[in-house]
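Visitor: My structure is below; once you've seen it, I'll send some questions.
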Amino acid sequence: MIIYFSATGNTKFVAKRLAELLGDEARDLCPRIRTNDFSELECGKTLVICSPVHISGLPKFLTDHLGRTSFVGVEEAYGILTDGGYAGIAGRQLEGILKEKGLHFKGCAEVVLPGIHITSVTNRKIEVEEIERRIRVASEQLPDVARSIQSGATLAGRRASLPEVALTKALMPGLRFVGLGTRKFWVSDRCISCGLCERVCPVVAITMHEGRPMWSTSHCAHCMACIHNCPKEAIEYGDVTRKKRRYAFAKYRYAAVDKD
């Protein structure tokens with residue numbers, strides 16, 4: 001089985017494509033995460049976990065969910081990480097979670113796709129040509145990844161060094177506390193009260209009030225699902241996101257090459 005969380009469609013594309021190539025099932029974890037469903041998952045012999053990288057690691061809500069979920073029937077497990085160019089310590093984190101469960105971890109593959117964290121002041125605009133190139137390269141990479149998994153080979157993705165792991169783990173709590181606040185989110189008059197932002201939020205940080213989204217928690221995951229999925233681009237984060245391109249994989253699906 002292939003399980004995944006996806007905010008803008010990048011990781012969903014990877015998971016669904018691998019499922020096609022492997023003749024397997026891809027299951028979205030978001031409904032389980034939103035409802036705190038930690039019931040057992042029947043996964044078959046091989047488990048593939050697909051995850052985006054947030055703040056140089058796995059999203060905290062995903063690590064918490066994986067840690068509390070039992071995977072039944074699994075003999076070997078793989079990780080597929082989607083990011084904008086740096087996977088950080090996500091692979092090490094996933095390895096630790098799975099080994100604690102007694103699963104045989106067989107490595108990670110990194111798939112570079114368009115970055116989505118537009119609330120960062122350091123985020124640079126990615127031109128359409130670069131978006132298309134990354135999607136094309138990623139789609140050409142996936143058949144090789146699928147063949148490796150199918151043959152039982154170990155995926156040899158980048159492995160963070162121990163000093164890198166120690167430094168990132170030391171800084172991560174502070175970065176999450178300072179950088180993942182919700183106070184700066186606001187909604188422009190373009191909002192049409194569709195409620196999509198509330199429905200896609202994995203940590204239930206958004207509630208609709210008088211037809212407008214309200215961030216009901218002081219901190220969220222900053223997964224960017226609300227900003228990028230808003231059909232009217234009505235959600236902003238301070239002044240940082242003004243005039244920044246919103247991104248959803250579905251808009252650029254045409255760039256993917258279905259090569260196997």
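The values are calculated or read from the model by the stated rules, or taken from the named source; none is laboratory data. None of these values were measured; they are calculated from a predicted model. Positions of Cβ are generated from backbone atoms using ideal geometry, with glycine treated the same way; all protein chains shown enter the neighbour counts. Remember, those area values only see protein heavy atoms, side chains included, never the ligands or the DNA or RNA. Shrake-Rupley method; radii C 1.70, N 1.55, O 1.52, S 1.80 Å.
Visitor: Would you check if F5 is surrounded by fewer than 16 Cβ atoms within 10 Å (Cβ to Cβ), modelled with pLDDT of 95 or more and of a type in the set (A, V, I, L, M, F, W, C)? Step through it out loud before you land on a result.
Guide: Working: surrounded by fewer than 16 Cβ atoms within 10 Å (Cβ to Cβ): no; modelled with pLDDT of 95 or more: yes; of a type in the set (A, V, I, L, M, F, W, C): yes.
No; evaluated as a whole, the condition is false for this residue.
Visitor: Within segment 215-239, which residues are farther than 22 Å from D28 by Cα, at pLDDT below 95 and either of a type in the set (A, V, I, L, M, F, W, C) or in contact with a Pro (Cβ under 6 Å, 6 or more places away or on another chain) (or both)?
Guide: Result: W215, single match.
Visitor: Select, from A205, A221, the only residue that is of a type in the set (G, A, S) and touching a residue at least 60 places away in the same chain (Cβ under 8 Å). Lay out the reasoning, then the answer.
Guide: Working: A205 fails: touching a residue at least 60 places away in the same chain (Cβ under 8 Å).
Going through A205, A221 in turn, the sole match is A221.
Visitor: When you scan segment 245-253, do you find a residue that is open to solvent by less than 30 Å² (accessible area, probe 1.4 Å) and part of a strand (DSSP E or B), even just one?
Guide: The answer is no, given that none of the residues of segment 245-253 is open to solvent by less than 30 Å² (accessible area, probe 1.4 Å) and part of a strand (DSSP E or B).
Visitor: Taking the criterion of being assigned to a strand (DSSP E or B) and more than 21 Å from the chain's Cα centre (by Cα), would at least one residue in segment 190-206 satisfy it? Write out each step before concluding.
Guide: Step one: filter segment 190-206 for residues assigned to a strand (DSSP E or B), giving 206.
Next cut, more than 21 Å from the chain's Cα centre (by Cα) only: none.
So far as segment 190-206 goes, no, none of its residues is assigned to a strand (DSSP E or B) and more than 21 Å from the chain's Cα centre (by Cα).
Visitor: Mind telling me which of the residues I206, I135, I227 ends up being out of contact with any strand residue (DSSP E or B) (no Cβ under 9 Å at 6 or more places or on another chain), surrounded by 12 or more Cβ atoms within 10 Å (Cβ to Cβ) and either of a type in the set (D, E) or farther than 30 Å from K45 by Cβ (or both)?
Guide: Values: I206 fails: out of contact with any strand residue (DSSP E or B) (no Cβ under 9 Å at 6 or more places or on another chain); I227 fails: out of contact with any strand residue (DSSP E or B) (no Cβ under 9 Å at 6 or more places or on another chain).
On inspection, the qualifying residue turns out to be I135.
Visitor: Do we have any residue at all in segment 82-104 that's under 23 Å from Y254 (Cα atoms) and buried (at least 20 other Cβ atoms within 10 Å of the Cβ)? Lay out the reasoning, then the answer.
Guide: Within segment 82-104, the first condition is being under 23 Å from Y254 (Cα atoms), and the residues that meet it are 82-85.
Add one more test, that the residue is buried (at least 20 other Cβ atoms within 10 Å of the Cβ), and what stays is 82-83.
Yes.
Visitor: Looking at V178, V165, can you tell me which residue is part of a helix (DSSP H, G or I), crowded, with 17+ Cβ neighbours inside 10 Å, under 21 Å from the mean Cα position of the chain (by Cα) and modelled with pLDDT under 95? Please lay out each step first, then the result.
Guide: Values: V178 fails: crowded, with 17+ Cβ neighbours inside 10 Å.
Exactly one of V178, V165 is part of a helix (DSSP H, G or I), crowded, with 17+ Cβ neighbours inside 10 Å, under 21 Å from the mean Cα position of the chain (by Cα) and modelled with pLDDT under 95, namely V165.
Visitor: Taking E236 as meeting all but one of (1) open to solvent by less than 80 Å² (accessible area, probe 1.4 Å); (2) within 15 Å of G115 (Cα to Cα); (3) not aliphatic (A, V, I, L, M), write down the number of the exception.
Guide: It fails just one condition, (2).
Visitor: Can you confirm whether segment 60-80 contains a residue that is in contact (Cβ under 8 Å) with a residue 40 or more places away in the chain, closer than 27 Å to C197 by Cα and open to solvent by 20 Å² or more (accessible area, probe 1.4 Å)?
Guide: Narrowing segment 60-80 to residues in contact (Cβ under 8 Å) with a residue 40 or more places away in the chain: 60-62, 76, 78-80.
Subsequent filtering for residues that are closer than 27 Å to C197 by Cα retains 60-62, 80.
Next, from what is left, pick out any that are open to solvent by 20 Å² or more (accessible area, probe 1.4 Å): 60-61.
Yes, the conditions are met somewhere in segment 60-80.
Visitor: So for segment 134-146 (the condition being in contact (Cβ under 8 Å) with a residue 12 or more places away in the chain, in contact with a Pro (Cβ under 9 Å, 6 or more places away or on another chain) and under 22 Å from F5 (Cα atoms)), does at least one residue qualify? Show your work before the answer.
Guide: First, pick out the residues of segment 134-146 that are in contact (Cβ under 8 Å) with a residue 12 or more places away in the chain: 134-143, 145-146.
In the following step, the residues that additionally are in contact with a Pro (Cβ under 9 Å, 6 or more places away or on another chain) were identified as 134-135.
From what is left, the residues that are under 22 Å from F5 (Cα atoms) are 134-135.
So far as segment 134-146 goes, yes, one or more of its residues are in contact (Cβ under 8 Å) with a residue 12 or more places away in the chain, in contact with a Pro (Cβ under 9 Å, 6 or more places away or on another chain) and under 22 Å from F5 (Cα atoms).
Visitor: Looking at (1) in contact with a Gly (Cβ under 6 Å, 6 or more places away or on another chain); (2) modelled with pLDDT under 95; (3) not acidic (D, E), which one does I55 not meet, given that it meets all the others?
Guide: Among (1) in contact with a Gly (Cβ under 6 Å, 6 or more places away or on another chain); (2) modelled with pLDDT under 95; (3) not acidic (D, E), I55 violates only (1).
Visitor: If A160 passes every condition in (1) under 20 Å from the mean Cα position of the chain (by Cα); (2) within 23 Å of G9 (Cα to Cα); (3) assigned to a loop (DSSP other than H, G, I, E, B); (4) not basic (K, R) but one, which one does it miss?
Guide: All conditions are met except number (2).
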